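*Asks:* Below is the structure I would like to discuss, written out as structure tokens.
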Amino acid sequence: MSNWKHWHLEIDGANLAWLTFDRAKADGSRDSTNTFSSEALRELGGICDDLKTKSPKGLVIQSAKDNGFAAGADIDEFTTLKSADEACAFTKLGNDVFDQVEALPFPTVAMIHGFCMGGGTELALACKYRIADDGPKTKMALPEVMIGIVPGWGGAQRMPKLIGAAQALDLMLTGRAVDGRRAKKMGLVDVLTPRRHFTNAAKTLLMKPPALHRPAFKDAITNWPIIRGFVASASLKQVAKKARKDHYPAPYAIIDLWQNYEGDPRKVPQDHPYSISGIFKHPTTANLVRIFKLQDRMKGLGAGEANIKHIHVVGAGVMGGDIAAWCALKGFTVTLQDLDHARIAPAIKRAAEMYKKRLKQPHLIQAAMDRLIPDITGDGANHCDLVIEAIVENAEIKKKLYAQLEPKLKPTAILASNTSSIPLQELSSGLARPERLVGIHFFNPVAQMMLVEIVQGPQTSAEVMTASQAFVKKIDKLPLPVKSAPGFLVNRILTPYMTEAQVMLEEGIPPETIDAAAREFGMPMGPIELADTVGLDVGLAVGKELAKPGGPEPKKIQELVAAKKLGKKTGEGFYKWVNGRPQKSNGSGTVDLAPLWMRMTLPAVNEAVSCVREGIVADADLCDAGVIFGTGFAPHRGGPINYLRNAGKEKLLAEMKSLEGKYGARFAADAGWQTI
């Protein structure tokens, strides 16, 4: 057996080589996750040279980590690269080493379980065969686009050849992960089997190697030179619908890399804007990498044990029903309480549709449905570990519910509110155990939005905060601890942005123009469409809760709510909605959109500054993370505080002063600008 720092090599009696990736920390102890550092790559290159002299009958590459095969490049090393030249050298190293793996003169197989991301997938693609675990935790992806870069270690070369360009581009341009079953169907893996059968499956492949996989004709033709231009053009059109080239160059670079350079970044001229050097220098890359690391930091906030198994959700409306469905999806027993079956039935129906889409296998769908239990009597509260209240946004009604609930609860149970704006100080009076009250604030739509605010009231215990954060991590969401104040963090920052957009609407600016301006800034959805999507009744309630003395009070939203035109859910709000889509007129004309998005976004930036100054979150980085993951705030700008710093504080302060002169005190700069 041969040992390197990050790899272990053993050749068995059948002359099969077994190479185990076991990434080590700097002190030599084992890391929890396999990632590719320069050191690990160089070792792999040396092992390839060594194996060529040993001439085994075949090679198996496997992982020693329970959580997965490999997570890709070492993001810590990537973020410390000091120049574009270093980025190019790192890219070349990975390419050269994986080329060595591909060139080995005997059969090679990657045994994939858990996550197989980025460089992990690229290593697997460099092998001649791939075996994947058939369990639900197996995930394969080339997610580089999500941090503003391209698959740089051969993925853009090998994946299109293996499964066809159309399927490969779809995965590379979205960063979407596929499970083992989907990977087998696409042709990404050759064998799908439970992990306990990996050894036998690998021996079978290596002792009698079958023909290498080739894509079906319909997939293979997408690589043909005569078809390549059409595939690239269609891909560009799809990308353009979702991402501007100046905001997000990476997806455009991926298409160019495949179309013009055979997927090999080493062939792209260094002065090309889509070269590794050009991508590395683009500000979006640094911002998206920063967001990725902030996401990891937030996952760390969920460390610890929650000791929560049974959740009782009160309120089967859109939010409460979807929270219950999501928790059941993630393995918790959930009782869902409302006044009658008619109110609970739509939530159960939505849950069944989500489970069918996400779980696919009938026995998994049924198991999730069995965990989601309708509860008209509310008996689930007697036995639960956590209550999540998701009823109407009214403090007095919530307090009446708590008076009924609390006597039923175990002393160790946590009482959580999904309130979006009401401070816990208003909700805790009358509670016998106010230290057990916490805010667990989800965002709509629950299944898509990653952020959950964990709201700490003045009396909320540290134990309850820790358990709540751990619970949120266990349901695969990002916990963000925030202090209890009106609107907490996200809605407090979002409200002035939404309000200003509605003021502009009442001034006569078309809603399509306002939404177009927001999208030009980088928002995924304009504020008028967003208001309709969330629900005008919800938006109005939050707006009233967070309204500042002397601030604007848009009338149109009040009129629409009074007329029960609540947006998407009723078919009409600021827009009319048909088949789930807003009916908009075409284009925004020739209007200069920059002054419009500046006017909308600066109040949000100003409120973010205020939240940091007041300590609503621990620091400016978590403020940015919360607003990005809670609202989708222009990710390529890195969050409101990061945007402020990159755009120039003095420049934005001058804009604020000008707007204050035109529109009044709501544009007055917060005192925190002086120290941010």
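*Asks:* Using the alpha-carbon atoms, what tilt in degrees (0 to 90, nearest 10) does helix 536-546 show relative to the longest principal axis of the chain?
*Replies:* 70 degrees
*Asks:* Now for a separate question. Which ordering of 237, 657 is given by a fewest-first count of other beta-carbon atoms within 10 Å?
*Replies:* Values: 237 9, 657 12.
Sorted ascending by nearby Cβ count, the order is 237, 657.
*Asks:* Here is a follow-up. Dividing the alpha-carbon radius of gyration of the range 142-209 by 2.2 N^0.38 Å (N being the number of residues), what value is obtained?
*Replies:* Working: Rg = 14.1 Å, N = 68, 2.2 N^0.38 = 10.9 Å.
Cα-based Rg divided by the globular estimate yields 1.29.
*Asks:* Oh, and also: So what is Rg over Rh here for the range 57-175, counting just Cα atoms and using Kirkwood for Rh?
*Replies:* Numbers: Rg = 14.1 Å, Rh = 14.7 Å.
For the range 57-175, the value is 0.96.
*Asks:* Right, something else. As I understand it, the value is the acute angle between the Cα axis of helix 594-614 and the longest principal axis of the Cα atoms of the chain; what does it come to in degrees, rounded to 10?
*Replies:* Result, in degrees: 90.
*Asks:* Next question, about the same structure. Rounded to two decimals, what is Rg over Rh for the chain when you use alpha-carbon atoms and the Kirkwood radius? Could the numbers behind the result be given before it?
*Replies:* Numbers: Rg = 26.8 Å, Rh = 27.2 Å.
Over the Cα atoms of the chain, Rg/Rh equals 0.99.
*Asks:* Give the separation of the Cα centroids, the range 295-374 to the range 599-676, in Å.
*Replies:* 35 Å
*Asks:* Sticking with this one: Among 590, 601, which comes first, then next, by fewest other beta-carbon atoms within 10 Å? Could the numbers behind the result be given before it?
*Replies:* Numbers: 590 5, 601 25.
The most exposed by this proxy come first: 590, 601.
*Asks:* For the range 491-674, state the semi-axes of the equivalent ellipsoid (square roots of 5 times the eigenvalues of the alpha-carbon gyration tensor), sorted largest first and rounded to whole angstrom.
*Replies:* On the way: eigenvalues 139, 62, 54 Å².
Over the Cα atoms of the range 491-674, the semi-axes work out to 26, 18, 16 Å.
*Asks:* Under the Karplus relation 6.51 cos²θ - 1.76 cosθ + 1.60, θ = phi - 60°, what is the ordered set of whole-Hz ³J(HN,Hα) values for the range 413-421, x standing for Gly and Pro?
*Replies:* Going residue by residue, I get 6, 9, 9, 10, 10, 8, 3, 9, 8 Hz, with x marking Gly and Pro.
*Asks:* Sticking with this one: Rounded to the nearest 5, what % of the DSSP beta bridges within the chain are antiparallel ones?
*Replies:* The antiparallel fraction comes to roughly 30 percent.
*Asks:* Same structure, new question: Over the Cα atoms of the range 310-488, each weighted equally, I'd like the Debye log10 I(q)/I(0) at q = 0.09, 0.11, 0.18 Å⁻¹, rounded to two decimals.
*Replies:* -0.27, -0.41, -1.15
*Asks:* Here's another thing I want to ask about it. Give the lysines reachable from residue 267 as a straight Cα distance under 29 Å; neighbours fewer than 8 places away on the same chain don't count.
*Replies:* Result set, ordered by chain and number: 52, 82, 92, 128, 161, 218, 237, 241, 242, 245, 281.
*Asks:* Could you work out how far helix 225-242 tilts from the main Cα principal axis of the chain, as a 0 to 90 degree angle to the nearest 10?
*Replies:* With rounding to tens, the tilt is 20 degrees.
*Asks:* Considering all alpha-carbon pairs of the range 2-281, what whole percent are spaced by more than 30 angstrom? Walk me through the numbers on the way to the answer.
*Replies:* Values: 10395 of 39060 pairs.
For the range 2-281, the fraction of Cα-Cα distances above 30 Å is 27 percent.
*Asks:* For the range 421-565, what percent of Cα pairs sit more than 28 Å apart? Intermediate values should be presented prior to the final figure.
*Replies:* On the way: 2988 of 10440 pairs.
When all Cα pairs of the range 421-565 are counted, 29 percent exceed 28 Å.
*Asks:* Fewest to most neighbouring Cβ within 10 Å: what's the order for 239, 612, 578, 313? Provide the component values of the computation, followed by the final result.
*Replies:* Working: 239 21, 612 24, 578 10, 313 31.
In order of increasing Cβ crowding within 10 Å: 578, 239, 612, 313.
*Asks:* About the Cα centre of the chain, what is the dipole size in debye to 20, counting +1 per Lys and Arg Cβ and -1 per Asp and Glu Cβ, all else neutral? Show your work: numbers first, answer last.
*Replies:* Values: 84 positive and 73 negative charges, 323 e Å.
In debye, rounded to 20, the chain gives about 1560.
*Asks:* In addition: If you project the alpha carbons of the range 484-540 onto their three principal axes, what span does each projection cover, largest first, in Å?
*Replies:* Result for the range 484-540: principal-axis Cα extents of 36, 23, 18 Å.
*Asks:* Of the listed pairs 184/299; 477/568; 349/477; 137/330, which have alpha-carbon separations greater than 19 Å here?
*Replies:* Numbers: 184/299 30 Å; 477/568 25 Å; 349/477 23 Å; 137/330 12 Å.
Over 19 Å apart, Cα to Cα: 184/299; 477/568; 349/477.
*Asks:* Moving on. With each run of n ≥ 4 DSSP H residues scored as -39500 (n - 2.57), what mean residue ellipticity at 222 nm is computed for the chain after dividing by its residue count and rounding to the nearest 500 deg cm²/dmol? Numbers along the way, then the final one.
*Replies:* Details: 28 runs with 325 residues, N = 676.
The helix contribution divided over the chain gives -15000 deg cm²/dmol.
No lab work stands behind these numbers, since they all come straight from the coordinates. These numbers were taken from a predicted model, which means no experiment stands behind them. Don't worry about glycine lacking a Cβ; one is built from the backbone with ideal geometry, like all the others, and counts go over all protein chains shown.
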